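Peer 1: Okay, here's the structure, questions in a sec.
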Amino acid sequence: MRTQVGIIGAGPAGLLLSRLLTLQGIDSVVLENRSRDYVQARIRAGVLEQHTVDTLTAAGLGMRLHREGLEHTGIHLQYPGVRHTLDFPSLCGRTVWVYGQTEVVKDLIAAQLDGGPPLLFGVSDVTPEDVDTDSPRIRFTDADGVPRVLECDAVAGTDGFHGPSRALVQAAGGRVWERTYPYAWLGILADAAPATDELIYAWHRDGFALYSMRSPSVSRLYLQVDPAERVEDWSDERVWDALDTRMALDGWSVNRGPVTEKSVLPMRSFVSSPMRRGRLFLAGDAAHIVPPTGAKGLNLAVADVTLLAQALVRLLQDKETDLADSYSDRALARVWRCTHFSWWMTSMLHTSGDDFDAELQLSQLRRVCSSEPAARELAENYTGLPLDL
Ligand code: APR
Ligand code: PHB
């Protein structure tokens, strides 16, 4: 088998990269070790920056997004007694969209299987080789157990946090930065109409709570919990009661309904540098993880592959190496900005039980809710900064 770009991993990063390359006349093959059903069932975050929506739309993937996605003009920031709305258009001229990452992945897979480049599910033993040369290859075993070799001009490591690509880059010298936060999120999906127009980010002494949604009849809610917490210890009743307490506001209440999914998500930050070794380029979760409080994970992956697609077109069509050479630095500038914003939102909203910390957080929240420059800083980061910083 031969292709121009061998792509490892069919998450949003790998699938969108393949799509962007196809539109520029570059062929690719996507190799995924899980099944299509598994990939399409993963529940992930759901806030898309303006840039992400524009990129998906320009790539011909905006049909269902524009029909079923919900455009949001702001968020509510809450602390006891106060629910303040940040209006994004007036603060920074942009909006965000709520459309589950699961739906983005379904749309990408449907487009790929409808006449797009090959997408192989259920492969194993995926091993990139000779990435320091101009003709790397990927060895793998296909879904029928047959060993195969994919010869390529470049390899994209879009294989998430657990894939093999990052280790290969690190083996040639590199650095990793990591922060594990002392809390986790307990997330539920519920068949209940959202009781709010905008997402609510709520500070409470018992811990942070987030009210999000997937559609006019499905809510997505999160509670800050201890990372050691077991999901079995959280009955639906206990989750709803905690949400009621942490989001309490006079004359308002959370809408309850059947809970269809419940899980505990760890909160951590991780950055791996550089994002390239020779002809192997990392993008998305393979190179970085952010805690979900800033809603940046998917948007960062989309920004990475937008830069990477430009770099690969230039490398393989124009035979110019400038964008390939600058890819890692350009991508990492944005990664660190989003890592900082995600850390800042996380630190402002998650309680530690320490009273001094609580007063600092409340002071910061009051500042964001009363000062236009402070609110604008949040709004600009939340809705997405320009591709190049
Ligand atoms: N071989 C082939 N595929 C692999 C391998 C492997 N050895 N290891 C992992 N993969 C696949 C995973 O099964 C997954 O489908 O790579 C894909 C990586 O996809 P994601 O984890 O979704 O990562 P990415 O595409 O970078 O998207 C980033 O996902 O985790 C969220 O918050 C994150 O929203 C962000 C987005
Ligand atoms: C979600 O809807 O899943 C969601 C929204 C906002 C976040 C994180 C997750 O910050």
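Peer 1: Any idea how many residues of region 201-220 are under 12 Å from G187 (Cα atoms) and within 16 Å of ligand 1 (Cβ to nearest atom)?
Peer 2: Matching residues across region 201-220 total 3.
Peer 1: Which of the residues spanning region 41-51 are more than 10 Å from ligand 1 (Cβ to nearest atom) and surrounded by fewer than 16 Cβ atoms within 10 Å (Cβ to Cβ)?
Peer 2: Scanning region 41-51 gives a single hit, A41.
Peer 1: Do we find that R256 is within 15 Å of ligand 2 (Cβ to nearest atom), open to solvent by 20 Å² or more (accessible area, probe 1.4 Å) and outside any helix (DSSP H, G or I) in this structure? Steps first, answer last, please.
Peer 2: Values: within 15 Å of ligand 2 (Cβ to nearest atom): no; open to solvent by 20 Å² or more (accessible area, probe 1.4 Å): yes; outside any helix (DSSP H, G or I): yes.
Taking the combined requirement at face value, the residue does not satisfy it.
Peer 1: Find the residue count for region 10-40, including only residues that are surrounded by fewer than 19 Cβ atoms within 10 Å (Cβ to Cβ), in contact with a Pro (Cβ under 7 Å, 6 or more places away or on another chain) and either closer than 13 Å to F121 by Cα or at pLDDT below 95 (or both).
Peer 2: Number of matching residues: 0.
Peer 1: While we're on this one: Just give me the residues in region 1-25 being out of contact with any strand residue (DSSP E or B) (no Cβ under 6 Å at 6 or more places or on another chain), more than 10 Å from ligand 1 (Cβ to nearest atom) and in contact (Cβ under 8 Å) with a residue 40 or more places away in the chain, in sequence order.
Peer 2: Correct list: Q4, R19, L20, T22, Q24, G25.
Peer 1: Only residues that are part of a helix (DSSP H, G or I) and either within 15 Å of the chain's Cα centre (by Cα) or within 10 Å of ligand 2 (Cβ to nearest atom) (or both): list them for region 90-105, please. First the steps, then the outcome.
Peer 2: First, pick out the residues of region 90-105 that are part of a helix (DSSP H, G or I): 90-92, 101-105.
Scanning region 90-105 gives Q101, T102, E103, V104, V105.
Peer 1: Only one of these is touching a Lys or Arg at 6+ places or on another chain (Cβ under 6 Å) and open to solvent by 50 Å² or more (accessible area, probe 1.4 Å): E320, E377, E372. Name it.
Peer 2: Going through E320, E377, E372 in turn, just one is touching a Lys or Arg at 6+ places or on another chain (Cβ under 6 Å) and open to solvent by 50 Å² or more (accessible area, probe 1.4 Å): E320.
Peer 1: Out of the residues in region 26-40 meeting the condition of being charged (D, E, K, R) and away from ligand 1 (no atom under 11 Å from the Cβ), tell me which one is farthest from V96 (Cα to Cα). I'd like the intermediate steps shown before the answer.
Peer 2: Residues of region 26-40 that are charged (D, E, K, R), as a first pass: 27, 32, 34, 36-37.
Narrowing further to those that are away from ligand 1 (no atom under 11 Å from the Cβ): 27, 37.
Values: D27: 31, D37: 28 Å.
It comes out as D27.
Peer 1: Hey, among R268, R238, R330, which residue is part of a helix (DSSP H, G or I) and either within 16 Å of ligand 1 (Cβ to nearest atom) or open to solvent by less than 60 Å² (accessible area, probe 1.4 Å) (or both)? So that I can check it myself, show each step before the final result.
Peer 2: On the way: R268 fails: part of a helix (DSSP H, G or I); R238 fails: either within 16 Å of ligand 1 (Cβ to nearest atom) or open to solvent by less than 60 Å² (accessible area, probe 1.4 Å) (or both).
Checking each option against the conditions leaves just R330.
Peer 1: When residues of region 32-58 are filtered for being away from ligand 2 (no atom under 16 Å from the Cβ) and either in contact with an Asp or Glu (Cβ under 9 Å, 6 or more places away or on another chain) or not hydrophobic (A, V, I, L, M, F, W, C) (or both), how many remain?
Peer 2: Start the filter on region 32-58 by keeping residues that are away from ligand 2 (no atom under 16 Å from the Cβ), which leaves 32-40, 51, 54-58.
Subsequent filtering for residues that are either in contact with an Asp or Glu (Cβ under 9 Å, 6 or more places away or on another chain) or not hydrophobic (A, V, I, L, M, F, W, C) (or both) retains 32-40, 51, 54-57.
Qualifying residue count for the region: 14.
Peer 1: Now for a different question. Being farther than 29 Å from P164 by Cα, in a loop (DSSP other than H, G, I, E, B) and either in contact with a Gly (Cβ under 9 Å, 6 or more places away or on another chain) or free of Cβ contacts under 8 Å to residues at least 60 places away in the same chain (or both) is the requirement here; does D357 meet it? Give the derivation first.
Peer 2: Numbers: farther than 29 Å from P164 by Cα: yes; in a loop (DSSP other than H, G, I, E, B): no; either in contact with a Gly (Cβ under 9 Å, 6 or more places away or on another chain) or free of Cβ contacts under 8 Å to residues at least 60 places away in the same chain (or both): yes.
Against the criterion (farther than 29 Å from P164 by Cα, in a loop (DSSP other than H, G, I, E, B) and either in contact with a Gly (Cβ under 9 Å, 6 or more places away or on another chain) or free of Cβ contacts under 8 Å to residues at least 60 places away in the same chain (or both)), D357 does not qualify.
Peer 1: Cβ-Cβ distance below 8 Å, separation of 6 or more or different chains: which pairs start in region 295-318 with a residue that is within 16 Å of ligand 2 (Cβ to nearest atom) and end on one that is among the hydrophobic types (A, V, I, L, M, F, W, C) and in a loop (DSSP other than H, G, I, E, B)?
Peer 2: Going by the 8 Å Cβ cut-off, the qualifying pairs are A295/A45; K296/V290; G297/A45; G297/V290; L298/A45; L300/V290; A301/A283.
Peer 1: Does A283 satisfy the condition of being surrounded by 17 or more Cβ atoms within 10 Å (Cβ to Cβ), closer than 15 Å to A324 by Cβ and away from ligand 1 (no atom under 12 Å from the Cβ)? So that I can check it myself, show each step before the final result.
Peer 2: On the way: surrounded by 17 or more Cβ atoms within 10 Å (Cβ to Cβ): yes; closer than 15 Å to A324 by Cβ: yes; away from ligand 1 (no atom under 12 Å from the Cβ): no.
Criteria not met by A283.
Peer 1: Of all residues in region 175-203, which are within 13 Å of R83 (Cα to Cα) and among the small types (G, A, S)? Steps first, answer last, please.
Peer 2: Residues of region 175-203 within 13 Å of R83 (Cα to Cα): 196-203.
A202 - this is the single residue of region 175-203 that is within 13 Å of R83 (Cα to Cα) and among the small types (G, A, S).
Peer 1: Need at least 1 residues that are exposed (fewer than 13 other Cβ atoms within 10 Å of the Cβ) and of a type outside the set (F, W, Y) per element, so show me which strands (runs of 3 or more DSSP E) inside region 166-221 make the cut, counting only ones lying wholly within it. Spell out the reasoning first.
Peer 2: Numbers: elements: 175-190, 199-202, 209-215.
Where strands (runs of 3 or more DSSP E) fall fully within region 166-221 and carry at least 1 residues being exposed (fewer than 13 other Cβ atoms within 10 Å of the Cβ) and of a type outside the set (F, W, Y), they are 175-190.
The values are calculated or read from the model by the stated rules, or taken from the named source; none is laboratory data. These numbers were taken from a predicted model, which means no experiment stands behind them. Reconstructed Cβ throughout: ideal geometry from the backbone, glycine too, with neighbour counts over all protein chains shown. Just so you know, the surface numbers come from the protein's heavy atoms only, side chains and all, with ligands and any DNA or RNA stripped out. Shrake-Rupley method; radii C 1.70, N 1.55, O 1.52, S 1.80 Å.
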